[in-house]
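Laboratory data are not the source of any read-out in this text; all were calculated from the coordinates shown. All values derive from a computational prediction rather than experimental measurement. As a convention, Cβ positions derive from the backbone with ideal geometry for all residues, glycine included, and neighbour counts pool all protein chains shown.
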Amino acid sequence: MLKITEGKFKKTKQIYEVRSLNASHLEKIIKLQNHVYEQLADKSKLERLNESEFKFILSENGLMIGVYVDNELIAVRALLDPKDDPNHLGLAIGLEEKDLNKVIYQEVSFVHPDYQGNSLQKIMGDLIMKELSKKEHPYLYVCATVAPDNIPSLKDKFAQQMEIKALVTIYGKKQRYVFAKEINQKKPKKEIKKEEYVKLADVNHIKEFLKHNFVGTKLVEENEEYFIKLVQYKTD
């Protein structure tokens with residue numbers, strides 16, 4: 001088991017350790033996922049993976065890290081090489097078929113209820129991308145899906161400078177935003193042509209903007225209400 005780093009929670013001062021995970025941790029990973037799922041008031045916010053899907057990732061088809069407190073697994077985050085996913089997110093963000101092998105997914109991420117509120121989603125998000133950067137890989141894009149009303153996950157993706165590129169219907173007719181970001185591509189900052197703020201709950205309105213080359217760049221809270229900032233970049 002490879003230790004990646006350790007830290008201390010600001011609130012409780014507990015020490016945590018982040019480790020890479022492998023197939024030997026499968027049982028504990030599934031047990032934690034199921035516990036998190038059962039505690040959710042809205043179970044649609046976590047799209048669980050089954051045993052074979054976890055095994056696929058842990059068989060060198062991605063990357064998985066875990067957070068431990070007192071040697072107990074309390075949080076997990078994964079990256080997945082989607083291979084020939086029939087609903088490949090690369091197509092949703094406008095890539096051609098020949099470039100789909102350059103996409104990696106930010107897959108499932110979950111935190112034990114007792115440890116939520118410690119920014120573990122963000123900590124794991126930063127660390128797993130750093131771990132990926134240490135390896136030789138073909139990926140140029142990272143993609144992820146988020147339920148339109150999943151505020152913690154929306155904040156997590158925006159914190160990583162990912163953008164909403166599309167709204168798709170997958171996972172048994174569920175609506176999901178497709179987030180994407182180019183990996184390690186240093187490009188000049190894009191100039192904004194137009195910007196709009198749309199209520200988070202107004203998914204259909206946001207969808208119309210996405211169809212007209214707008215992308216979601218930020219979650220904004222104002223007067224106890226959330227809005228998505230949508231921008232349209234200038235083109236050369």
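Annotations for the structure displayed:
- Shape parameters for the range 1-135, alpha-carbon atoms, Rg then Dmax in Å: 15.4, 49
- Fully extending the segment from Asp42 to Lys186, taken as 0.36 nm per residue of separation minus the present Cα-Cα distance, adds 48.0 nm.
- Given in Å, the Rg to one decimal and the Dmax to the nearest whole number for the Cα atoms of the chain are 17.9, 54.
- Of the trypsin sites (Lys or Arg not before Pro) found in the range 1-46, the ones in coil according to DSSP and having at most 11 other Cβ atoms within 10 Å of their Cβ are Lys10, Lys11, Lys13.
- Dividing the summed helix terms, -39500 (n - 2.57) for each DSSP H run of n ≥ 4, by the number of residues in the chain produces a 222 nm estimate of -7000 deg cm²/dmol to the nearest 500.
- The loop-placed trypsin sites (Lys or Arg not before Pro) in the range 180-236, going by DSSP, that have at most 16 neighbouring Cβ atoms within 10 Å of their Cβ come out as Lys186, Lys189, Lys190, Lys234.
- Computed over the chain with a Gaussian network model linking Cα atoms closer than 10 Å, the most mobile of Tyr141, Tyr177, Tyr197 is Tyr197.
- Rounded to 10°, Cα long-axis angle of helix 120-133 versus longest principal axis of the chain: 90 degrees
- Judged by the ratio a/c of the largest to the smallest principal axis of the C-alpha gyration tensor, the range 196-236 counts as oblate, that ratio being 1.5 or greater while a/b is no larger than b/c.
- Normalised by residue number, the volume inside the convex hull of the Cα atoms of the range 57-145 is 111 Å³ per residue.
- Filter on Lys155/Lys189; Lys45/Lys102; Lys157/Lys187; Lys83/Lys165 - keep pairs with C-alpha separation over 24 Å: Lys45/Lys102
- Span per principal axis, largest first, for the Cα atoms of the range 1-63 (Å): 35, 33, 17
- Cα pair distances in the range 27-66, grouped into 5 Å bins until the bin that holds the longest one, percent each: 6, 21, 29, 23, 14, 6, 1
- From largest to smallest, the equivalent ellipsoid semi-axes obtained for the range 45-93 from the alpha-carbon gyration tensor read 25, 12, 10 Å.
- Residues in the range 137-160 that a label on Asp202 would reach, taking backbone N under 18 Å of a point 7 Å out along Cα→Cβ: 148-149
- Residue among Gly117, Gly90, Gly62 with the largest mean-square fluctuation in a Gaussian network model of the chain, springs linking Cα atoms under 10 Å: Gly117
- Modelled spin labels at Lys173 and Thr5, positioned 7 Å past Cα toward Cβ, are 4.4 nm from each other.
- Efficiency of FRET from Cβ geometry, Glu96 and Glu136, R₀ 22 Å, rounded to 0.05: 0.40
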